[in-house]
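Undergrad: I'd like to ask some things about the structure below.
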């Protein structure tokens with residue numbers, strides 16, 4: 001009966017993780033959005049970790065060998081935690097349109113280095129507790145830092161999207177503290193670590209809850225991204241319709257010119273806006289206009305500030321609304337001059 005419950009429980013987890021993994025990589029190959037890539041990588045790591053834990057719960061010999069190796073060289077677990085922390089760092093900062101700082105990388109390097117040296121200690125509960133602790137502390141730090149960024153800059157994060165980000169960061173803080181509490185109770189009260197005998201619980205149910213919460217947020221983000229992607233494709237198709245002969249190109253150029261004038265964009269920013277309206281990435285803008293990636297990012301940031309948007313979908317919506325308004329003012333056959 002117990003084995004059956006374990007099997008069903010893990011089957012549900014594996015199905016959920018696999019679904020998020022498949023969806024994220026499918027959308028990534030379509031849009032090349034780095035957040036999608038990291039969602040896929042994170043759930044690939046979580047999936048592989050759960051499969052190992054599942055095997056240790058189902059097969060006694062596997063658990064014995066795994067625990068013995070884990071106490072000496074926990075390479076698998078170290079890679080899992082590194083991927084989770086680096087993935088959360090990348091995703092959280094990109095959600096807030098912030099760059100990753102040297103401090104973020106520095107703390108990450110210190111904690112990973114610490115995890116590499118902990119296995120050299122003698123087998124004990126303290127050894128395992130110290131091994132798991134840095135990862136949870138670092139993820140708590142990430143959640144607290146990003147939560148603080150939103151609290152300190154409310155005018156920059158007024159979009160409802162960031163309310164969900166704020167909830168995500170708060171949950172990250174609370175759940176990682178809960179994981180530390182669970183580890184402390186289990187490691188010091190239920191596990192056995194000695195030179196000749198090891199009996200450890202490889203599963204953290206608090207971690208499972210956190211991963212399921214991340215899966216829910218990831219699924220919501222993937223659906224949001226898919227919706228925006230379909231909407232953007234429609235807008236981009238309409239905006240660039242002159243290339244297929246639906247509207248004279250000079251009318252489109254005139255609308256683009258008037259839009260740029262209305263928002264006081266420079267000539268260079270107007271060039272970049274033209275490429276932005278094709279929903280191209282900063283890297284593609286850099287290549288198309290023969291400018292550095294840093295210059296492209298600076299111009300895009302300035303355009304966003306002048307138009308008072310924070311994301312590309314918002315820019316496309318503003319331009320699409322302006323374009324529709326302009327087309328209603330004059331017949332398509334008339335060619336306005338800039």
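Undergrad: Name the residue, out of 162, 157, that is surrounded by 15 or more Cβ atoms within 10 Å (Cβ to Cβ), modelled with pLDDT under 95, assigned to a loop (DSSP other than H, G, I, E, B) and touching a helix residue (DSSP H, G or I) at 6+ places or on another chain (Cβ under 9 Å). Full working, then the answer.
TA: On the way: 162 fails: assigned to a loop (DSSP other than H, G, I, E, B).
Within the list 162, 157, the selection yields 157.
Undergrad: Now, a different point. Within segment 62-77, identify whether any single residue is surrounded by 15 or more Cβ atoms within 10 Å (Cβ to Cβ), over 30 Å from residue 145 (Cα atoms) and over 32 Å from the mean Cα position of the chain (by Cα), and answer yes or no.
TA: Yes; the residues of segment 62-77 include at least one that is surrounded by 15 or more Cβ atoms within 10 Å (Cβ to Cβ), over 30 Å from residue 145 (Cα atoms) and over 32 Å from the mean Cα position of the chain (by Cα).
Undergrad: So is residue 67 modelled with pLDDT under 95, touching a strand residue (DSSP E or B) at 6+ places or on another chain (Cβ under 9 Å) and part of a helix (DSSP H, G or I) or not? Break it down stepwise before answering.
TA: Numbers: modelled with pLDDT under 95: yes; touching a strand residue (DSSP E or B) at 6+ places or on another chain (Cβ under 9 Å): yes; part of a helix (DSSP H, G or I): yes.
Against the criterion (modelled with pLDDT under 95, touching a strand residue (DSSP E or B) at 6+ places or on another chain (Cβ under 9 Å) and part of a helix (DSSP H, G or I)), residue 67 qualifies.
Undergrad: Does residue 98 satisfy the condition of being assigned to a loop (DSSP other than H, G, I, E, B), assigned by TED's automatic domain parsing to the domain that holds residue 194 and touching a helix residue (DSSP H, G or I) at 6+ places or on another chain (Cβ under 9 Å)? Reasoning before the result, please.
TA: Working: assigned to a loop (DSSP other than H, G, I, E, B): yes; assigned by TED's automatic domain parsing to the domain that holds residue 194: yes; touching a helix residue (DSSP H, G or I) at 6+ places or on another chain (Cβ under 9 Å): yes.
Answer is yes for this residue.
The values are calculated or read from the model by the stated rules, or taken from the named source; none is laboratory data. Just so it is clear, the structure is predicted and the values come from calculations on it, not from any experiment. Reconstructed Cβ throughout: ideal geometry from the backbone, glycine too, with neighbour counts over all protein chains shown.
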